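Chemist: Could you have a look at this structure, given as structure tokens, before my questions?
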């Protein structure tokens with residue numbers, strides 16, 4: 001099986017660190033370059049002592065990001081950068097023939113106008129939006145295999161889209177009135193020194209933020225609208241919780257089919273179960289929970305798995321769907337490596353189990 005040389009731009013953040021971990025131990029990928037302006041010249045072992053036992057950790061050094069040089073070194077380049085900055089590197093890397101897997105929001109949307117609305121600046125490379133593929137493997141697997149530019153989804157969107165898309169495509173839920181409440185660990189804010197994310201500000205505290213228009217709403221609504229064939233508007237409230245990693249999402253949905261007794265509820269439940277089984281029974285990184293089991297972040301942290309469970313509420317007539325994932329694995333770096341495996345025609349689970 002042919003190996004590929006890979007590089008990471010922005011390897012010192014939380015997503016970058018997980019990318020380093022996954023790619024150092026990947027059976028087919030060779031990590032040849034890691035960039036970080038603030039850590040340039042230092043080895044992986046110096047910045048991430050946890051990797052010190054790996055042979056490459058003492059020889060592979062952080063360098064200043066240089067697209068021209070990276071294009072000569074690597075076949076595939078991961079961009080673990082802030083939005084707006086990633087596109088600046090994607091343009092020359094793509095022109096040089098590299099495959100780019102972008103973990104920022106720069107290529108997730110198809111509309112430069114919506115990008116500007118949510119990210120408050122003009123898109124740096126609007127001409128590339130038509131070429132990018134949304135990197136949700138369970139939904140766009142075949143398109144990912146053929147793409148040179150992958151826009152890896154956000155952490156919150158992954159936790160919402162995986163549970164909702166199959167139901168919406170099957171017509172089992174109404175496209176109106178979707179409510180999503182999500183809770184995320186502090187690593188979701190990135191590795192940065194800001195007062196809001198200091199230990200004493202986060203510990204023993206839970207708070208909402210980004211209300212009522214979190215940036216991730218843009219890609220959530222775009223993907224749901226594509227699935228529904230009509231504009232979808234979502235009420236989304238994210239919360240910061242005092243854990244390092246993990247996202248738990250609870251969705252409140254309206255079934256398309258009305259039920260007012262146990263028999264009617266059973267019929268709806270059977271269709272929902274069949275829909276999820278058809279969508280995910282054979283997916284390596286989606287775990288459908290049965291019986292009394294409910295999603296739990298402790299069971300997914302450190303893995304590329306998303307857990308999904310659901311309950312019908314006869315009292316309110318609503319469908320409650322819950323999911324759990326690791327925000328920096330399935331919600332970021334793990335999912336990006338999953339796309340790498342697809343692009344390179346490697347087993348999709350390579351380096352992830």
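Where a number appears in this text, it was derived from the coordinates with a stated rule and is not lab data. Quantities reported herein were computed from a predicted structural model and do not represent experimental measurements. Heads up, the Cβs are rebuilt from the backbone with ideal geometry, glycines too, and the neighbour counts pull from every protein chain shown.
Chemist: What's the exposure ranking of 204, 117, 88, going from fewest to most Cβ atoms within 10 Å? Can you show the working numbers first?
Modeler: On the way: 204 7, 117 13, 88 16.
Least crowded to most crowded, the residues run 204, 117, 88.
Chemist: Please report the antiparallel percentage of DSSP beta bridges with both residues in region 156-327, rounded to the nearest 5.
Modeler: 70
Chemist: Would you calculate a helix-derived [θ] at 222 nm for the chain, using -39,500 (n - 2.57) for each DSSP H run of n ≥ 4 and dividing by the full residue count, to the nearest 500?
Modeler: -9000 deg cm²/dmol
Chemist: Sticking with this one: Determine, for 322, 1, the number of other Cβ atoms within 10 Å of each Cβ, and report the residues in order from fewest to most.
Modeler: Exposure proxy ranking, most exposed first: 1, 322.
Chemist: Pull out the extension gain between residue 282 and residue 66, defined as 0.36 nm times the separation in residues minus the alpha carbon to alpha carbon distance; nm, one decimal.
Modeler: Extra length available between residue 282 and residue 66 comes to 73.7 nm.
Chemist: Based on the alpha-carbon gyration tensor of the chain and its eigenvalue square roots a ≥ b ≥ c, which shape applies: rounded if a/c is under 1.5, prolate if not and a/b is larger than b/c, or oblate?
Modeler: On the way: a/c = 1.73, a/b = 1.64, b/c = 1.05.
Prolate is the answer for the chain, as a/c is 1.5 or above and a/b outweighs b/c.
Chemist: Still on this model: For residue 206 and residue 263, compute 0.36 nm times the residue count separating them, minus their Cα-Cα distance, and round to one decimal in nm.
Modeler: Stretched fully, the residue 206-residue 263 segment lengthens by 16.6 nm.
Chemist: Pairing the Cα long axis of helix 334-343 with the longest principal axis of the chain, what angle in degrees results, from 0 to 90 and rounded to the nearest 10?
Modeler: 80
Chemist: Rank by packing, highest mean first: peptides 46-52, 24-30, with packing defined as the count of other Cβ atoms within 10 Å averaged across residues.
Modeler: Highest mean packing first, the order is 24-30, 46-52.
Chemist: Could you pull out which residues in region 181-225 have an amide N less than 15 Å from a spot 7 Å beyond the Cα of residue 239, following the Cα-Cβ vector?
Modeler: Flagged as within label range: 181-186, 203-211.
Chemist: So if I take the centroid of the Cα atoms in region 1-41 and the same for region 149-163, what is the distance between those two points in Å?
Modeler: Computed from Cα coordinates, the inter-centre distance equals 21 Å.
Chemist: Then there's this: How would 155, 98 line up from fewest to most surrounding beta-carbon atoms within 10 angstrom?
Modeler: Final ranking by Cβ density, sparse to dense: 98, 155.
Chemist: Using only Cα atoms, tell me the angle between helix 217-228 and the longest principal axis of the chain; keep it within 0 to 90° and round to the nearest 10.
Modeler: Value to nearest ten degrees: 60.
Chemist: In addition: First measure r as the distance between the Cβ atoms of residue 215 and residue 113, then evaluate 1/(1 + (r/R0)^6) with R0 = 22 Å and state the FRET efficiency to the nearest 0.05.
Modeler: 0.90
Chemist: A follow-up question, please. Defining a contact as two alpha carbons under 8 Å apart and six or more residues distant in sequence, what relative contact order in percent does the chain show?
Modeler: Taking the mean separation of contacting Cα pairs over the length of the chain, I get 17 percent.
Chemist: Between 0 and 90 degrees, rounded to the nearest ten: what's the tilt of helix 262-280 against the longest Cα principal axis of the chain?
Modeler: Rounded to the nearest ten degrees, it is 20.
Chemist: Taking 7 Å along the Cα-to-C-beta vector as the label spot, tell me the residue 353-residue 292 distance in nanometres, rounded to one decimal.
Modeler: Here the modelled spin labels are 2.9 nm apart.
Chemist: Taking every DSSP beta bridge that has both residues in the chain, what percent is antiparallel when rounded to the nearest 5?
Modeler: Percent antiparallel among DSSP bridges in the chain is about 45.
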